[in-house]
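Participant: Structure provided below as C-alpha cells; questions to follow.
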Amino acid sequence: MTAVDGPDVLDLWDLCVREHADEPALVTPRQALTYRSVDRLTDAWAGSLAGRGAGPGRLVGLAFTDPGRTVLGMVAALKAGAGFTVLDDRLPAAARASLVRRTEAAVWLGDGAHAPATAYVPAGTAGTGGGPADADGSAARRRAAGSDVAYVLFTSGSTGQPKGTVIERGSLRRFAVGVAERLELAPGDRWLQVASLGFDVLVEEVFPAFVAGAAVVCRADTQALDAEELHTTMARTGTTVVELSTQYWLEYARWLDARGLTTPAELRLVVVGGERMDPRPYREWQARQPARLAHVYGLTECTVSSTFYTGLLPADAEEVPLGTPLRDVEISIRRDGRPVPQGESGEIHIGGPLLARGFLGDEATTARRFVPDPLAAAPGARVYTTGDLGRIDTDGHLVFLGRLDDQVKIRGHRLEPARVERALCEDPAVDQAVVFPDPRNGTALWAFTVPADPRHAPLPGEAVRLTGPERDALVAPLEAHLPDWAVPRVLYRVSVLPKNPHGKIEKRRLSDWVTARATAGSGGPAQAPGTAEIPDAPGTAEAPGTAVEPRLRDEPLSTVVDLFREVLGAPGIGPDDDFFEHGGQSLLAMRLLARLRESFPAAAGLRASALLRCPTPRLLAGALAAGEAARP
C-alpha cells in the first residue's frame with residue numbers, strides 16, 4: 001500500500017515482510033507466527049473489516065482478552081484504512097459502555113465477556129496462516145492518508161471522563177521509527193507485551209518492533225504478571241526488550257535482589273517510565289544488572305514516549321533525567337509562554353509532528369491544551385502544554401520537577417484527585433473529602449471524609465478508619481465507574497480537613513492524625529501511616545476479633561497473616577482482614593504472591609485472581625491447605 005501523502009507505517013511493515021518473511025513477528029504461548037503468516041492473516045481480517053464498513057476516517061474497536069489477537073486486530077484495522085481503539089477488559093461496565101458509545105466504531109472485533117454484542121472474530125485463524133485474501137493481500141488494503149486516524153486511546157480522565165486522544169497515521173509512523181532508532185531495535189529483538197491493552201504503552205510495545213523487523217511476544221491473557229512470572233516468561237521466550245511502569249520495575253528489582261539473581265541472559269534493555277524515579281534504585285540496578293535501563297517520559301497526547309535517557313547515572317545526580325527527545329519531537333521549557341534560560345524551571349512544552357490531532361469530540365479542551373506556537377517557524381505549528389514542571393540540565397537532558405497543579409500519578413496513570421473527591425461527596429452522608437496517594441509507597445489512594453452530620457464526626461485531631469458496610473457504601477459507586485487504580489482503598493472519617501494559612505489542605509497533618517491514633521492505641525512508638533486503628537503485632541494489646549489466636553501460631557494461617565502484615569505494612573492485620581480494604585492493590589499483590597510461594601508449595605502457580613476469591617488470611621490459608629488457591 002502507498003499512502004496518499006507519503007510513506008505510511010504499513011509501507012515499513014511491507015518492507016519487513018519482504019525482507020524478513022520467515023522470521024518471527026508475533027510470538028504467543030501457543031505458537032510463533034512469521035511476518036509472512038501475520039501479513040496473510042491480517043490481510044484476511046482487513047478484508048472482512050472493509051466489507052463491514054471499516055475505512056479511512058472510521059474506527060475499528062478491539063475487545064479481545066487475548067493480547068495476540070489484539071495485536072493482529074491493530075494491524076488489520078490499519079490495513080483496512082481505518083484506525084483502531086482498544087477496550088480494556090478491566091474497566092467497570094459503565095466506563096466500557098461510555099467508551100463504546102463515544103468512539104462510534106464502524107465495527108468491533110472481540111470475543112471477551114466485555115466485548116459489545118456486535119463484536120465478532122473474523123474467519124481465518126492464527127493456526128492456518130491466513131484466510132480468504134488473495135496472494136499479495138492487495139485486495140484487502142484501503143488507501144489512507146498520513147492525516148487519517150491511526151488510533152484513538154483514552155487518557156485516564158484526570159479531570160473528568162477519560163479523553164479520547166486521536167493520533168494520526170503520520171504521527172504513528174514517525175514515532176515507531178524514532179523509538180526503533182533510539183533503542184537500536186533489530187530483527188533479532190523480541191519485545192514482551194505487558195501493558196494493559198487500553199494503555200498507550202501498548203502502541204510502544206508493538207509498532208517500533210514491527211518497523212524494525214523484530215518480534216512482539218504476547219502473554220496468554222491480560223492478567224498482570226508478578227515478578228517471578230515476568231522473570232520466567234522473559235527467560236522462556238528469549239525476550240530482549242520489556243517496558244515496565246516505575247513501580248512495577250521496582251517490584252521486579254526487589255525480587256531479583258532478594259534472590260540474588262540477575263536479569264535473563266537475552267534481556268538487554270528495560271524501558272521504565274510513568275512516574276518519577278528515585279536515583280538510588282536506578283544506580284543499584286546499573287551496578288548489579290546486565291540489562292540496561294531506558295528512562296522515558298511522554299503523554300498519550302504526544303504519541304506515547306517523547307524523551308529517552310539511557311546513560312549511566314552520575315554519582316552526584318539528584319534526579320534521574322528524562323533524557324533527550326526523539327527525532328521529530330520538540331521539547332521546550334517555558335514560563336508565561338516564553339522560553340526560559342537553560343537550567344531554569346518552567347512548564348514542559350512538547351511540539352512537533354507527533355502531537356495528537358486532539359481530543360475526540362472535545363474541541364474546547366483540544367484548543368486549551370494544543371495551542372498555537374508563536375515561536376515556531378512553520379505556519380500553523382502547535383505545542384502541547386503538559387502541566388509538568390521541568391528544566392534542561394547542563395548535558396541537555398530534560399529533568400522532571402513536579403506538577404503545576406494537584407494532579408498525581410498512581411501506578412503510571414495521571415489523576416486529578418478532585419475527580420474522586422467529587423464522586424465521594426455525591427454520597428449524602430459526606431460533606432467534604434480529600435484524596436491523595438498513600439504516603440508510604442504512593443501506589444494506592446487514601447481518602448479522608450468529613451460527615452454531613454456533625455454528630456457522626458470523631459473528635460478533632462482524630463482519624464477513624466472506615467470498614468465493613470460503611471466503607472463499602474462509599475467505595476461501591478466509585479468501583480462502578482472508575483478504574484481500579486483510581487478507587488481509594490483506605491478511607492478515614494475526620495471532623496475537619498485542616499488547612500494552612502493559604503487555604504490549602506494540610507495532608508501531612510491528616511497523616512499525622514493517623515499515626516497519632518496508632519500511638520495512642522498501642523501505648524508504644526508510632527506506627528507507619530495507614531495502621532491507625534489496627535492493633536500491634538502479637539505480644540501487645542490487640543483489638544478483639546483481629547488478633548491471631550495463640551492456638552494458630554504454629555499453623556499455616558499464622559504465616560499467611562504475617563505475610564499480609566509484612567506486605568501491607570500493617571502490623572495489626574488479623575485473620576479476617578481484607579487485603580484490598582487495607583490498601584492492597586496489584587503491585588502489592590505481586591509482592592504477596594512471591595512471598596507466599598516461598599512458604600507454601602501449594603502456592604506454586606498462584607495468580608492474583610486467587611486474592612480476589614480469598615482476600616483474607618483465613619480464606620487464603622484455607623484454600624492453600626485444600627490445594628485450591630492456584631485454581632483458575
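The values are calculated or read from the model by the stated rules, or taken from the named source; none is laboratory data. All values reported here derive from a predicted model rather than from experimental measurement. FYI the Cβ positions are ideal-geometry reconstructions off the backbone, even for glycines, and counts take in every protein chain you see. In case anyone asks, the SASA skips ligands and DNA or RNA and just uses the protein heavy atoms, side chains included. Shrake-Rupley method; radii C 1.70, N 1.55, O 1.52, S 1.80 Å.
Participant: Relative to the first principal axis of the alpha-carbon coordinates of the chain, what is the inclination of helix 246-259, with its axis defined by its Cα atoms, in degrees from 0 to 90 and to the nearest 10?
Facilitator: Roughly 70 degrees, rounded to the nearest 10.
Participant: If you count, for each residue, the other Cβ atoms within 10 Å and average over each peptide, how do 37-47, 269-279 line up from highest to lowest? Don't skip to the answer; put the middle values down first.
Facilitator: Working: 37-47: 26.2, 269-279: 20.3.
Listed from highest to lowest mean packing, they are 37-47, 269-279.
Participant: Can you list, bin by bin at 10 Å, the percent of alpha carbon pairs in the range 264-313, starting at 0?
Facilitator: Spelled out bin by bin, the range 264-313 gives 24, 51, 23, 3 percent.
Participant: Moving to a separate point now. Under the rule of -39500 (n - 2.57) per DSSP H run of 4 or more residues, summed and divided by the residues of the chain, what mean residue ellipticity at 222 nm is obtained, to the nearest 500 deg cm²/dmol?
Facilitator: Numbers: 17 runs with 200 residues, N = 632.
Result for the chain, helices only: -10000 deg cm²/dmol.
Participant: How far, in degrees from 0 to 90, does helix 227-237 lean away from the longest principal axis of the Cα atoms of the chain, to the nearest 10?
Facilitator: 20 degrees
Participant: Heavy atoms of the protein only, probe of 1.4 Å, neighbouring chains included. What is the accessible area of Asp406 in Å², nearest 10?
Facilitator: 90 Å²
Participant: What per residue convex hull volume, in Å³, do the alpha-carbon atoms of the range 202-300 yield?
Facilitator: Values: hull volume 10.7 nm³, N = 99.
Dividing the Cα hull volume of the range 202-300 by its residues yields 108 Å³.
Participant: Against the empirical 2.2 N^0.38 Å scaling, what ratio does the C-alpha Rg of the chain come to?
Facilitator: Cα Rg divided by the expected 2.2 N^0.38 Å: 0.99.
Participant: Under a 1.4 angstrom probe, counting protein chains only, how are Phe154, Phe400, Phe84 ranked by accessible area, largest first?
Facilitator: On the way: Phe154 30, Phe400 50, Phe84 0 Å².
From most exposed to least exposed: Phe400, Phe154, Phe84.
Participant: Then there is this: In the chain, carbon and sulfur make up what percent of the accessible area (probe 1.4 Å)? Don't jump to the answer; show the numbers that get you there.
Facilitator: Details: 13240 of 25250 Å².
Whole-percent figure for carbon plus sulfur exposure: 52.
Participant: Give the angle, between 0 and 90 degrees and rounded to the nearest 10, that separates the Cα long axis of helix 169-182 from the longest principal axis of the Cα atoms of the chain.
Facilitator: The helix 169-182 is inclined about 70 degrees to the chain.
Participant: Leaving out ligands and nucleic acids, note down the accessible area per residue over the chain with a 1.4 angstrom probe, in whole Å².
Facilitator: Numbers: 25250 Å² over 632 residues.
Heavy-atom SASA per residue in the chain reads 40 Å².
Participant: Sticking with this one: What's the local net charge at Glu19, with K and R +1, D and E -1, over the other residues with C-beta under 14 Å away?
Facilitator: Details: positive: Arg18, Arg36; negative: Asp11, Asp14, Asp22, Glu23, Asp39.
Result for the neighbourhood of Glu19: -3.
Participant: Determine the shape class of the range 142-193: with a ≥ b ≥ c the square roots of the Cα gyration tensor eigenvalues, call it rounded for a/c under 1.5, and otherwise prolate if a/b is greater than b/c, oblate otherwise. Please report the intermediate quantities before stating the final value.
Facilitator: Values: a/c = 2.71, a/b = 1.43, b/c = 1.90.
Here the range 142-193 falls in the oblate category.
Participant: When only Cα pairs under 8 Å and 6 or more residues apart are kept, what is the percent relative contact order across the chain? Display every interim value, and only then the final one.
Facilitator: On the way: 1325 pairs, mean separation 59.4, N = 632.
9 percent.
Participant: Post the alpha-carbon centroid distance, the range 139-218 to the range 1-79, in whole angstrom.
Facilitator: 12 Å
Participant: What shape does the range 404-503 have by the C-alpha gyration tensor, where a ≥ b ≥ c are the square roots of the eigenvalues, rounded means a/c under 1.5, and otherwise prolate means a/b greater than b/c and oblate the rest? Please list the in-between numbers first.
Facilitator: Values: a/c = 1.69, a/b = 1.23, b/c = 1.37.
It comes out oblate by the Cα gyration axes.
Participant: Right, something else. Assigning unit charges at the beta carbon (Lys, Arg +1; Asp, Glu -1) and nothing else, what dipole magnitude in debye, to the nearest 20, does the chain show about its Cα centre?
Facilitator: Details: 68 positive and 80 negative charges, 97 e Å.
So the dipole magnitude of the chain works out to roughly 460 debye.
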